[in-house]
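Asks: Take a look at this one; I'll ask things after.
The values are calculated or read from the model by the stated rules, or taken from the named source; none is laboratory data. A quick note: this is a predicted structure, and the numbers were derived from the prediction, not measured. Cβ: placed from backbone, ideal geometry, glycine included. Neighbour counts: every protein chain shown.
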Amino acid sequence: MSALKKTNIVFILADDMAVWAAGCYGNAEIRTPNLDRMAATGVRFENFFVTIPVCSASRASFFTGRIPSQHGVHDFIGGQVNFGPAGQSFLDDEVCYTNVLADNGWTCGLSGKWHLGNSSLPQCGFSHWFAHPGGAGDYNDQIMIRDGVTGVVPGYVTHVITDDALDYIDAHAEDENPFYLSVHYTAPHAPWIGHPQDIVDS
């Protein structure tokens, strides 16, 4: 039997976006052409459930495959534990699927929102780390963390995350080993201001 071919994986996660808010899931009123195109050529989860409808806890469940009573994250993680000297890592005692990928030859990268504690430092098998420091924030000129260094990155944060993700893909496209990339947007989470005018007009 031949070995399973290791393929590159790009996982895109929107924040507070319900299943009905995309054309590829049947909404004829909303216009999501890029998501619809990716859904047509990639993999869509059509029978996917979350055990708790809050950000951090559902993210922890996704990464670990365990319910909140098992992994211990029962709500969204707020305050100073997300970032800085008081930052706590909530998944240190868990095995995430990204740990498994990293242990089996994938180079793992994060571009965007982590919101599982201690956003200052790479965790769970990630070696590339471009992280939002918290759960939500301004959509323009946002503070981001790149490999432990914190600073304001100018521009619209959705574009900033996308640009970092594209740079990561370009940097690893020809690697001998496969790559994994989590692209975690803060959109369409509140605040609902600060977006480009063409998006507002649509």
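Asks: Does Asp141 qualify as being surrounded by fewer than 21 Cβ atoms within 10 Å (Cβ to Cβ), closer than 14 Å to Val183 by Cα and free of Cβ contacts under 8 Å to residues at least 40 places away in the same chain?
Replies: So Asp141 fails the test.
Asks: So, Ala40, is that one hydrophobic (A, V, I, L, M, F, W, C), outside any loop (DSSP other than H, G, I, E, B), in contact (Cβ under 8 Å) with a residue 12 or more places away in the chain and closer than 21 Å to Phe179 by Cβ or not?
Replies: Here the answer is no, as Ala40 does not meet what is asked.
Asks: Considering only residues that are of a type in the set (A, V, I, L, M, F, W, C), at pLDDT 90 or above and part of a loop (DSSP other than H, G, I, E, B), look in segment 1-29 and name the one that is farthest from the chain's Cα centre (by Cα).
Replies: Of everything passing the filter in segment 1-29, Ala28 is farthest from the chain's Cα centre (by Cα).
Asks: Conditions first: (1) under 14 Å from Phe83 (Cβ atoms); (2) free of Cβ contacts under 8 Å to residues at least 40 places away in the same chain; (3) of a type outside the set (Asp, Glu); (4) in a loop (DSSP other than H, G, I, E, B). His115 passes all but one, so which condition is the exception?
Replies: (2)
Asks: Please determine, by comparing only the residues of segment 152-177 that are touching a residue at least 60 places away in the same chain (Cβ under 8 Å) and in a helix (DSSP H, G or I), which one is nearest to Trp106 (Cα to Cα).
Replies: Among residues in segment 152-177 that are touching a residue at least 60 places away in the same chain (Cβ under 8 Å) and in a helix (DSSP H, G or I), the one nearest to Trp106 (Cα to Cα) is His172.
Asks: Just to be sure I understand, how many residues within segment 82-112 are aliphatic (A, V, I, L, M), modelled with pLDDT of 95 or more and either part of a loop (DSSP other than H, G, I, E, B) or buried (at least 22 other Cβ atoms within 10 Å of the Cβ) (or both)? Please lay out each step first, then the result.
Replies: Taking segment 82-112 first, the residues aliphatic (A, V, I, L, M) are 86, 91, 95, 100-102, 110.
If we keep only those that are modelled with pLDDT of 95 or more too, we end up with 95, 100-102, 110.
So of that shortlist, the ones also either part of a loop (DSSP other than H, G, I, E, B) or buried (at least 22 other Cβ atoms within 10 Å of the Cβ) (or both) come out as 95, 110.
So the count comes out to 2.
Asks: Can I ask one more? Give me the pairs: first residue in segment 79-106 and more than 29 Å from Thr7 (Cβ to Cβ), second residue basic (Lys, Arg) and surrounded by 11 or more Cβ atoms within 10 Å (Cβ to Cβ), beta-carbon distance under 6 Å, and six or more apart or on different chains, which are they?
Replies: Every condition considered, no pair remains.
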